[in-house]
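Here's the structure we're looking at; comments come further down.
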Amino acid sequence: MKVHHLNCGTMRAPGGKLLDGQPGLLRRSELVAHCLLIETGDGLVLVDTGFGRKGVANPGAWLGTPFTLMVGAKPVETETAAHHVEALGHKLEDVRHIICTHLDVDHAGGLADFPNAVVHVRAEEHDAATAPSNQSEKLRFRANQFAHRPLWSKYDEAGDEWFGFQAVRELKGLPPEILLVPLAGHTKGHTGVAVDTGDGWLLHAGDAYFFHGQLDPVKPHCPPGMTAFQNMVQTLRKPRLENVERLRELSREHADEVTVFSAHSPVEYQALSR
């Protein structure tokens, strides 16, 4: 399988050093929406979708004005997953499967660009996004992003073990080299996506953590603004913190076998996209 690393939505949030640890407070930091495009023998697979073309056309309506202002999102066509797919010489209908780490607006915004793709997601995440049971879920997820009635493929907690992680699942219709790795905390149904490239594993950890320094094996660290942001947007604090620790352990003890990265670190994205 061939794996492409894509940035499907740059965000420039105010806060400077408080968010990215680099000098200067009176500037905007930069975050990416790190997605994967996987070429398999039976079509293309996307891991997350970024803002999407409708997010470019009308960001306030599609992504929500509070979100776009908070993260400094100004979506552009050349960063959409759809554009990346076409720029690589493929057609949009070649994307047969989409795997969502979770369904926040910056991860599910491009689903509508691939209406015929099967969308793989944890069952808890699907239920929270499509049938919210409280005000927090109603505010968090954007119903318009699911109005095209995606072809959902949902997964529960049953599964196997992978490098010490439990309830890991193979995906229906996809090769066994692609796995769901539950990482609850940021949202209830949040999951990582593991891909065996043939030259080692990649683990897309979604929003399980945001800053590359959180996985530092010697001195884990995170700027105070980014720490506060993660606390603000978490759903389940204890599982989130436990999963960060488990990811740090995985990265430390199996660095020669598994490359772990998050959805929004520009440092990790730049290293892998080379």
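Table for the structure above
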item	result
Single match in 41, 52, 110 (criterion: within 21 Å of residue 174 (Cβ to Cβ), touching a residue at least 60 places away in the same chain (Cβ under 8 Å) and in contact with a Gly (Cβ under 6 Å, 6 or more places away or on another chain))	110
Within the range 141-162, considering residues that are of a type in the set (S, T, N, Q) and in contact with a helix residue (DSSP H, G or I) (Cβ under 9 Å, 6 or more places away or on another chain), the one surrounded by the most Cβ atoms within 10 Å (Cβ to Cβ)	145
Tabulated pairs, the range 87-101, first in contact (Cβ under 8 Å) with a residue 60 or more places away in the chain, second in a loop (DSSP other than H, G, I, E, B) and buried (at least 24 other Cβ atoms within 10 Å of the Cβ), C-beta under 6 angstrom, 6+ apart or interchain	101/48; 101/206
Condition met for residue 265 (within 22 Å of residue 18 (Cβ to Cβ) and either at pLDDT below 95 or among the small types (Gly, Ala, Ser) (or both))	yes
Subset tally (residues that are touching a His at 6+ places or on another chain (Cβ under 7 Å) and over 18 Å from residue 48 (Cβ atoms)) for the range 174-186	0
Residue that is nearest to residue 263 (Cα to Cα) [pool: residues in the range 1-33 that are part of a loop (DSSP other than H, G, I, E, B), open to solvent by 70 Å² or more (accessible area, probe 1.4 Å) and among the hydrophobic types (A, V, I, L, M, F, W, C)]	1
Selected residue (only one of 66, 23, 115, 59 is in contact with a Ser or Thr (Cβ under 6 Å, 6 or more places away or on another chain) and free of Cβ contacts under 8 Å to residues at least 40 places away in the same chain)	59
Tally of residues being free of Cβ contacts under 8 Å to residues at least 24 places away in the same chain and either among the aliphatic types (A, V, I, L, M) or in a strand (DSSP E or B) (or both) across the range 148-167	5
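The values are calculated or read from the model by the stated rules, or taken from the named source; none is laboratory data. Please read these numbers as outputs of a predicted model, since none were measured by experiment. For neighbour counting, all protein chains shown are included, and Cβ atoms are generated from backbone atoms with ideal geometry for every residue, glycine included. Areas reflect the complete protein model, heavy atoms only, side chains present, ligands, DNA and RNA absent. Shrake-Rupley method; radii C 1.70, N 1.55, O 1.52, S 1.80 Å.
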